[in-house]
Amino acid sequence: MDAYWIITAFVVIDTLMEHLGHRSDVRAQVPDSEILTIAVVAATYVGSHHERAAPMMRALGYLSGRISVSRFNRRLHQLADWMAWIPDVLGEMFTTGDVFIIDSLPLPVCRRVRARRCRKAPGRECCGYCAAKRETFFGWRVHLVCRPDGVPVR
């Protein structure tokens, strides 16, 4: 299984559902975007065997909560309209490569201790926090535009 493919598919599904105004039920432990991601991963890697795909994705840490196979099937049938449309969007995105991903990363200039004496990046606006690394930095944030396979374009 390709982790980059699974994460990219989830982000695209979640973003599409969010921009089109879809909201998951507040009582659900697993959001609807993860349900559709399980179905797409099952179709891609496990031969459409949902009973194997859901526990496997839970064990690998891709799901935010637990879901039984029967509850998964009920929710997938409720999302049948989305399931007819999402694979076409993902297939078009992965084959043409016209979709770009924007990512940002910290570019530290110096340590926070030396921030007062730094002349390259003066001011408080150069102080930032990187949640992925769980650290504060002093410098700039670089924004990258990448293709889905991770190659930077700009």
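Output the relative contact order of the chain, whole-number percent, from Cα pairs under 8 angstrom with separation of 6+ residues.
18
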Relative to the longest principal axis of the C-alpha atoms of the chain, give the angle of the C-alpha long axis of helix 3-19, reported between 0 and 90° and rounded to the nearest 10°.
-> 80
So for the pair R111, A43, with labels modelled 7 Å out along Cα→Cβ, what separation do we get in nm?
-> 5.3
Take the alpha carbon atoms of the range 1-80, find their radius of gyration, then divide it by 2.2 N^0.38 Å using N residues; give the quotient.
-> 1.01
Charge dipole (the chain, unit charges on Cβ, about Cα centre) - positive-most of V40, F72, S104 = S104
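Taking only protein heavy atoms into account and a 1.4 Å probe, give the accessible area per residue of the chain in Å². Could you put the intermediate results ahead of the total?
On the way: 10690 Å² over 154 residues.
Here the per-residue accessible area is 69 Å².
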Using θ = phi - 60° and the Karplus form 6.51 cos²θ - 1.76 cosθ + 1.60, what ³J(HN,Hα) does each residue of the range 135-146 get, whole Hz, x for Gly and Pro?
-> 8, 8, 9, 10, x, 10, 10, 8, 9, 10, 9, 10
Selected from L16, L90, L107 as most flexible by GNM, with the chain as the system and alpha-carbon contacts under 10 Å | L107
Where I101, I38, I67 fall by accessible area, highest first, once all protein chains stay in place (1.4 Å) = I101, I67, I38
How would you rank 31-37, 126-132, highest first, on the average number of other Cβ atoms within 10 Å across their residues?
-> 31-37, 126-132
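The values are calculated or read from the model by the stated rules, or taken from the named source; none is laboratory data. Not measured: the values here are computed from a predicted model. Neighbour counts are summed over all protein chains in view; Cβ atoms, including those assigned to glycine, are modelled from backbone coordinates with ideal geometry. These area figures cover heavy atoms from the full protein model, side chains too; ligands, DNA and RNA do not enter into them. Shrake-Rupley method; radii C 1.70, N 1.55, O 1.52, S 1.80 Å.
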